[in-house]
């Protein structure tokens, strides 16, 4: 399973990224975004599996196990810090159960909620240990690919190290970018090129840019171009369909599935191998994105 | 005054031990404690706010400057209390990310900017219930600042405002809202007293609201 993922990418195959299960469970299963996702998955296992299955049916090659909030510091905000293993293992297993032959179970390490010294107060060891604590149940649960996303590129690097110390599974390292007066940068102020090069140096097998404030139109292509200049690894791009607005008490995302799908060829031509949609992208968005990717593969 | 400029500059560069050293040196030289506060620390943090807003400084640097500010304040605080005993700095701002939301970076930056401007700030953390906001407001705050990053959790701001109304605190307490998904329009719809689009603009907004309450926010 593991060698085939990277082999396929290195052979030039294009793929569809995982669906944003944390927002799809709101859209499809009525889950309110209050409360902890890891706990919701644990308490609503059938509903979660249905959503993961639906993302595969929509064309996603990677299955998001919904584990991004299960780091101990994030769980502690809900008094659930002793649930790292249980939530992560269960979610990974549930995802594996519905994963087809040629698709991949992906465990996610999400934003840790703390900053590294000296700006913050988290030590290297605290970061490393919290990442290790999440990776072990992913491995036990049958994960195929490990994905890490942090606002701080340096935390991604620490997590990549933990993953590579614990297993040989492929690792996707992701940055979150914001366009500004001085170019496209992470929240920590690191330019896209430098942040990308750093992840390659840190040992990522695939390097991505997701979420943040990168518009699917314009910003996304510019981001992929910068990433392509900065490393030789397969690239992943997964923007949000814009920033949601509350209209008549309903959440509405400004970029439609059709508008988003129109952009995908541009991302691929700029160098992306894996394309998708992040927070707010619906199953419809994913279906149309997938159609473009498939057509390019054939 | 050169030494005060040096404090401001070292604060802007996040040099906490230099700031400590220079603050102490200024006091030993006989510089008035309020001048050290305003001309040194607050002046430095104001520069940080402007540079951050203009994308000349980024988050980690702002955090380091905040640490340098804290280091300087650790020396000044007891002296300020002593000097101003009998006079109270009346303005207190309570901050929190609303229930169900754990995003804290924006709120923390707001806290840094407000402390940097000399205000007393109580940070309730994240995932804060309406009851906790009410309790903190009843405990002597003039401004309740609420933050949300998600559109769903943003909805609970309305609940918080209603809770503050029911507790009879409206009029005594001003409600300020912010966060990436917030807009002036939404703030107006839910009846908030103020909206700030970013941490850089929050200090002026807070001063405006305190003036509406006729609250003295200076010593």
Only one of B:112, B:93 is away from chain A (no Cβ under 11 Å), in a helix (DSSP H, G or I) and buried (at least 20 other Cβ atoms within 10 Å of the Cβ), namely B:112
Given (1) under 19 Å from the mean Cα position of the chain (by Cα); (2) more than 10 Å from every other protein chain (Cβ to nearest Cβ), index of the condition residue B:105 fails | (2)
Check whether at least one residue in segment B:183-206 is in a strand (DSSP E or B), within 14 Å of another protein chain (Cβ to nearest Cβ), closer than 21 Å to residue B:115 by Cβ and in contact with a strand residue (DSSP E or B) (Cβ under 6 Å, 6 or more places away or on another chain), and report yes or no.
-> no
Condition check for residue B:42: at pLDDT 95 or above, under 23 Å from residue B:196 (Cα atoms) and more than 14 Å from chain A (Cβ to nearest Cβ) = no
Note down all Cβ pairs under 9 Å where the first residue falls in segment A:228-253 and is facing chain B (nearest Cβ under 9 Å) and touching a residue at least 12 places away in the same chain (Cβ under 8 Å), the second is surrounded by fewer than 23 Cβ atoms within 10 Å (Cβ to Cβ) and outside any loop (DSSP other than H, G, I, E, B), and they're at least six residues apart or on different chains.
-> A:244/A:251; A:244/A:252; A:244/B:152; A:251/A:26; A:251/A:27; A:251/A:245; A:251/B:152
Determine if segment B:123-138 includes at least one residue that is more than 14 Å from the chain's Cα centre (by Cα), assigned to a helix (DSSP H, G or I) and within 14 Å of chain A (Cβ to nearest Cβ).
-> yes
Looking at A:59, A:69, which is the one that is out of contact with any strand residue (DSSP E or B) (no Cβ under 7 Å at 6 or more places or on another chain), under 30 Å from residue A:14 (Cα atoms) and crowded, with 18+ Cβ neighbours inside 10 Å?
-> A:69
Taking segment A:13-49 and the residues there that are at pLDDT below 95 and either outside any helix (DSSP H, G or I) or at positive phi (or both), the one that is farthest from the other protein chains (Cβ to nearest Cβ) would be A:30
Among B:80, B:59, which is in contact (Cβ under 8 Å) with a residue 24 or more places away in the chain, more than 14 Å from chain A (Cβ to nearest Cβ) and under 25 Å from residue B:13 (Cα atoms)?
-> B:80
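Yes or no: residue A:69 within 14 Å of chain B (Cβ to nearest Cβ), assigned to a loop (DSSP other than H, G, I, E, B) and either at negative phi or in contact (Cβ under 8 Å) with a residue 12 or more places away in the chain (or both)?
Taking the combined requirement at face value, the residue satisfies it.
The values are calculated or read from the model by the stated rules, or taken from the named source; none is laboratory data. Predicted, not measured: the structure shown is a model, and the values here were computed from it. No Cβ is skipped: glycine too gets one built from the backbone with ideal geometry, and neighbour counts run over all protein chains shown.
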